[in-house]
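None of the figures in this text is laboratory data; all of them are computed from the coordinates on show. Remember, it's a predicted structure, so these values are computed and weren't measured experimentally. Virtual Cβ from ideal backbone geometry, glycine too; neighbours counted across all protein chains shown.
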Amino acid sequence: MKIMFIGDVVGSPGRMAVRELLPPLIAKKKIDFVIANCENVAAGFGVTRKVVDELYQSRVDALTSGNHIWNKKEVLDFIGDDEKLLRPANYPAAAPGVGAVVLPAKTGELIAILNLAGRVFMHPSDCPFATARQKVAELRARTKVIIVDMHAEATSEKRALGWYLDGQVSAVVGTHTHVQTADEEILPQGTAYISDAGMTGPFDSVIGVKKEAVIERFLTQMPNKFELAKDDIRMQGVILEIDSASGRAQSIERFSLKLKDS
């Protein structure tokens with residue numbers, strides 16, 4: 001089974017990249033299921049019903065998120081009704097939505113997706129390690145194919161979770177930093193790992209934002225308006241090949257595709 005994970009989709013440039021680059025890549029690589037992190041998809045911060053539907057129409061099957069999931073308040077109106085849109089599972093139980101789901105792939109086989117948030121340099125949340133252990137045990141009762149999105153700042157926290165879950169899940173994919181790492185590997189017990197899947201959006205930028213505004217912020221330490229950049233649009237992520245019977249990863253392949261004329 002082949003599963004694609006798309007790194008953080010940023011604003012309209014990211015959505016354009018998904019819309020134009022994803023369908024041909026699905027056909028070329030014979031992808032069975034597509035996951036994308038969407039927490040930055042609505043103008044760079046949060047999600048709306050319209051942009052979520054746009055990603056589904058672009059052939060994304062499930063969406064993970066992170067610390068910006070609540071930035072657009074309208075998400076509260078629909079996240080509870082959309083099981084394919086996840087918020088971190090280690091957020092308080094009273095928060096709307098769910099942090100894990102089991103869905104069928106095109107082959108009919110079941111895929112579990114677990115969304116977690118880190119705690120190092122991030123907003124307070126429950127322990128992602130304890131939450132992962134509990135949720136993975138529940139998910140493994142239904143399927144051995146489990147993909148974890150670890151939305152975290154610190155590489156050490158992501159890496160530690162990869163080792164902690166080695167042999168229990170099919171893949172631990174890091175998100176949040178918007179910079180694709182080159183440390184993809186299969187851990188000894190069969191779990192695929194990468195510290196960050198990268199970003200889908202404008203690369204003539206500082207992680208998606210116009211570089212001039214970010215440089216000004218660093219130089220002056222004064223608040224200013226961040227606007228999304230528009231040029232050098234790319235789609236990044238990983239393609240995972242998973243043995244559906246055992247849940248073990250057979251390969252993990254990074255990709256970075258540029259949208260022509262961007």
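The overall shape of the range 39-118 is oblate: from the C-alpha gyration tensor, with semi-axes ordered a ≥ b ≥ c, the ratio a/c is 1.5 or greater and a/b is no larger than b/c.
Dividing the mean sequence gap of close Cα pairs (under 8 Å, 6+ apart) by how many residues the range 37-77 holds gives a relative contact order of 49 percent.
Take every Cα pair under 8 Å in the range 112-259 that's 6+ residues apart, average their separations, divide by the length, and report that relative contact order as a whole percent. Relative contact order comes out at 19 percent. Working from Cα positions, state the angle (0 to 90°, nearest 10) between the long axis of helix 11-29 and the longest principal axis of the chain. That helix lies at roughly 40 degrees to the long axis. Take the alpha carbon gyration tensor of the range 133-245, find the square roots of its eigenvalues, order them as a ≥ b ≥ c, and report rounded if a/c is under 1.5; if not, report prolate when a/b exceeds b/c, else oblate. Prolate, because a/c is 1.5 or more and a/b exceeds b/c. For the range 61-175, what class follows from the C-alpha gyration tensor (a ≥ b ≥ c being the square roots of its eigenvalues): rounded when a/c is under 1.5, otherwise prolate if a/b is larger than b/c, else oblate? Since a/c reaches 1.5 but b/c is at least a/b, the shape of the range 61-175 is classed as oblate. Electrostatic tally near Val18: other residues with Cβ closer than 14 Å to its Cβ, Lys and Arg +1, Asp and Glu -1, net 0. Helix 155-165 and the longest principal axis of the Cα set of the chain meet at an angle near 20°.
Nearest 10 degrees, 0 to 90: what angle lies between the long axis of helix 211-220 and the longest principal axis of the chain (Cα atoms)? Approximately 70 degrees, to the nearest ten.
Taking max minus min of the alpha-carbon positions on each principal axis, the chain gives extents of 52, 41, 36 Å, largest first.
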